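A quick write-up on the structure given underneath.
Just so it is clear, none of the values below were taken in a lab; they were calculated from the coordinates. None of these values were measured; they are calculated from a predicted model. For neighbour counting, all protein chains shown are included, and Cβ atoms are generated from backbone atoms with ideal geometry for every residue, glycine included.
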Amino acid sequence: MRQSALFTKTRKEAPADETAKNAMLLIRAGFIHKEMAGVYSILPLGLRVVKKIKDIISGEMEKLGSSELIMSTLQAKELWEKTDRWSDEKVDIWFKSALKSGTEVGFGWSHEEPITNLMKYHVGSYADLPVFVHQFQNKLRNETRAKSGIMRCREFVMKDMYSYATTEEEHMDFYNKTSTAYMNVFKALGLGDITYVTSASGGVFTDKFSHEFQTLCDAGEDNIYLSKDGTTALNEEVFNDETLEKMGKSKEDFELKKAAEVGNIFTFGTKKCEELDVYFTDKDGQKKPVFLGSYGIGVTRLMGVVAEIFGDENGLVWPASIAPFRAHLLVLSEDPLVKELADEVYTTLSAEGVDVLYDDRNLRAGEKFADSDLIGIPTRIIVGNKTIESKMFEVKDRATGETSQMSLEHLLTELQ
C-alpha cells in the first residue's frame with residue numbers, strides 16, 4: 001500500500017477523555033477511532049492486525065478439528081430463560097431490545113445457548129459426536145464502566161469455540177488440547193513467555209471449573225499470584241490456604257502481579273444440554289445428555305494487550321506476526337532517480353510476497369520518521385540520496401532501534 005492512498009492520518013494527541021495507553025497509541029497511529037466510551041471502530045491498519053490475529057487463531061482451531069460458522073447477534077429470550085441466564089439479576093451485562101411485534105431479544109454477549117440449541121438438530125447418535133465449532137463475532141456487553149481502552153469494551157471481536165462430547169473423558173481430551181493450542185496462539189503473538197494458565201471459578205458462565213490465560217501487564221485488571229520460579233500462577237480468587245496446602249506451597253513462594261485475561265476455557269458438564277434438551281443415543285441405545293465445553297479468546301483485546309505491553313514513548317511496536325505490514329519503506333528525496341529506486345524496491349518486495357507500506361508522501365524526513373515510529377511496523381527501510389551512490393539501504397529494527405546497511409538482495413532474504 002502507498003501511504004499517500006491511506007485515508008487515515010496520524011495524530012499528535014489522543015482524545016482528552018482517553019487515558020489507556022493502548023487506545024491512545026492506536027488512535028494516534030490511525031488504527032482505531034473512538035466512537036464513545038468502550039466503543040471503537042477498527043480502521044484499515046487496525047483491521048490488518050485483527051485479520052492476522054484471526055488467521056493465527058484459525059490455524060490452531062482448525063488443527064483441533066473445529067469448523068467455523070457464524071451465529072446471529074440477536075438472541076431469543078426463551079433460550080436463555082431455560083438456562084436461567086436471561087434476567088439482569090443473573091447476568092448484568094445484557095443489551096436488550098424488542099422487535100416491532102413486542103418480542104424481547106438480547107444482543108449476544110456469549111453464544112453457549114443458541115449454538116447448543118442449534119446442535120439439537122444435528123446431533124442424534126454417538127456417531128455424530130464429538131463436534132467442535134467456532135466463530136469470530138462482535139460481542140456486546142453492557143459493562144458498567146468501560147475502561148482500559150480496547151482491553152475492555154462494550155463491543156469487541158471475540159473468537160468463541162464450543163465442544164460437544166459423549167463423555168467427560170472425551171471432553172477433557174479436547175479441553176487439554178485447546179489449552180495447548182491457546183498457548184501456541186499467544187506464543188505466535190510474542191506473549192508466550194508472559195502468559196500463564198490459571199485456575200478460576202466459572203462466574204456467570206458456568207458453575208463448573210474453568211481456566212484463564214493471563215498475560216502479565218501493568219494495565220491489566222486482574223491480580224494473579226505468580227510463583228517466584230515462574231512455573232505456577234493462581235488467580236486471586238483461588239489463592240488461599242486450602243489451595244496452597246494441596247500444592248505443597250506457601251504464600252511466601254508467590255508474588256502478586258497485575259495481568260490481563262486474554263483467553264478462557266470453561267467446562268459446563270451436561271447441565272446446559274439437559275436444560276436445552278440436547279441428547280444423543282449411545283451404542284447401547286440409551287439416551288444421554290451431551291457434554292459441553294466453551295472456549296474464548298478476545299481478538300481485539302489481544303491487539304490492545306500487545307499495544308500496551310510493547311508500545312514505547314514513540315509509538316506502537318508490532319511483532320512481525322501481526323504487524324499491519326512487514327516493512328515500512330520511506331523515500332526521503334525529491335530527486336527523480338531516488339523516487340525511481342524507491343518505486344523499484346516497493347515493486348520488488350511486493351512481488352516477492354513482502355507486505356510493504358510505502359511512504360511516498362511529500363513530507364519532511366522528520367515527519368516521516370515520527371509517523372513510522374508511531375505506526376510501529378517492524379522494519380523501516382530508508383531510500384535517500386546516499387542510497388543511489390552506495391546501492392545500500394539503511395534498515396532499522398523498530399523493536400531494538402538497531403540500524404544496518406543492506407543490499408536489496410540481503411534485505412529481501414531478511415524480510416522473507
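Restricting the GluC sites (Glu not before Pro) of the range 44-123 to loop positions (DSSP other than H, G, I, E, B) with no more than 15 neighbouring Cβ atoms within 10 Å leaves Glu89. Give the cross-link partners of Lys9 among the lysines, using a straight C-alpha distance below 16 Å as the criterion and excluding same-chain residues fewer than 8 apart. Of all the lysines, those that pass the test against Lys9 - Cα under 16 Å, at least 8 places apart if same chain - are Lys34, Lys368. Taking a cut-off of 17 Å between Cα atoms, list the lysines near Lys287, but don't count ones fewer than 8 places away on the same chain. Here the lysines satisfying the reach criterion relative to Lys287 are Lys120, Lys271, Lys272. To the nearest ten degrees, helix 44-63 and the longest principal axis of the Cα atoms of the chain are 50 degrees apart. For helix 365-375, what angle does its Cα long axis make with the longest principal axis of the chain, in degrees from 0 to 90 and rounded to 10? Taking Cα atoms only, the helix is inclined about 10 degrees. Size of the chain from its Cα atoms: along the principal axes, largest to smallest, the extents are 81, 59, 46 Å. In sequence order, the range 29-35 has phi-based couplings of 7, x, 8, 9, 10, 7, 8 Hz under the Karplus curve 6.51 cos²θ - 1.76 cosθ + 1.60, θ = phi - 60°, and Gly or Pro positions carry x. Taking the centroid of alpha carbons for each part, the range 32-54 and the range 135-192 are 18 Å apart. Each part reduced to its alpha carbon centroid, the range 262-338 and the range 348-397 end up 31 Å apart.
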